[in-house]
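Below: one structure, written as structure tokens.
Nothing in this text is a laboratory measurement; each read-out follows from the coordinates by a stated rule. Since the model is a prediction, treat every value here as computed from it, not as a measurement. Counting neighbours? That spans all protein chains shown, and the Cβs are built from the backbone with ideal geometry, glycine included.
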Amino acid sequence: MPMQFFKEVFQLTFIFLILLMPVSTLAYLIGAIGSCPAEDGIKVAKKACLVAGGMGIFFALTGSKLFLSLGIGLPTFKIFAGILLFVNGFSLLKLKGNQHVAPTELKNKKIHTDIAITPLAFPLLTGPATIGQLIAYYEEMKTPLEHFTLCLAIVLALIISFCLFYVCLKHLNLLSTRLLGVAERLTGLFAITLATQCTINGINGIL
């Protein structure tokens, strides 16, 4: 039983890391920092991860009730969430260079902490596609232990994301733009795979 629990947590954490796409968010954050101290960027990243975690768990727990009250069934929602994730993943595959850098007006001597909520927490970390997938996964789980596993995996995925932000911002001079681009494309490939599976599951649920 413990081994099965840890296996499920590991699998879900890996899936949620793909959904969060922290590498893409990191590219934006680096652009937003500009010449600011790394500590400022780390504070913003910490706030973004906390907000994203709260949003992810909130929508996972309550989102399905909202959509069901509107008459939207789970299979239909899976198809919609799969399409959104596919678009996000495909956009990462098509990136040329670092296209996720922040707008020029953010690159000043003082980073705007407002960007921690928008756009870092939403929609970069927990956008519509991520929220949709979280709701779909939550609805497939029936027991309280499974729901706890999902929430734990969300928290772990965001902790790993913050660790990525922390290390990269602290050692920005060692960060390779080419490596960042490769990581973004790999994330996009995994996201497309997850999106295809989600869409197929939704279609099977209707048929």
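For the chain, lysine pairs with C-alpha atoms less than 18 angstrom apart, excluding pairs fewer than eight positions apart on the same chain, total 15. Within segment 121-207, the trypsin sites (Lys or Arg not before Pro) that combine a DSSP coil assignment with at most 10 other C-beta atoms in a 10 angstrom radius are LYS142. Here the Kirkwood formula puts the hydrodynamic radius of the chain at 17.5 Å, using every distinct Cα pair.
Separation of segment 141-156 and segment 63-96, taken as the distance between their Cα centroids, equals 20 angstrom. Taken along the Cα-to-beta-carbon direction at a fixed 7 Å, the label points for ILE117 and VAL87 span 2.5 nm.
Considering only PHE165, PHE86, PHE190, the Gaussian network model of the chain with Cα springs below 10 Å gives its largest mean-square fluctuation to PHE190. Computed about its Cα centre, the charge dipole of the chain is approximately 420 debye, with only Lys, Arg, Asp and Glu carrying charge at their Cβ. A simple spin-label model places pseudo-atoms 7 Å from Cα toward Cβ; at GLU140 and LEU179 they are separated by 3.3 nm. Between the beta carbons of ASN204 and MET3, assuming R0 = 45 Å, the FRET efficiency works out to 0.95 to the nearest 0.05.
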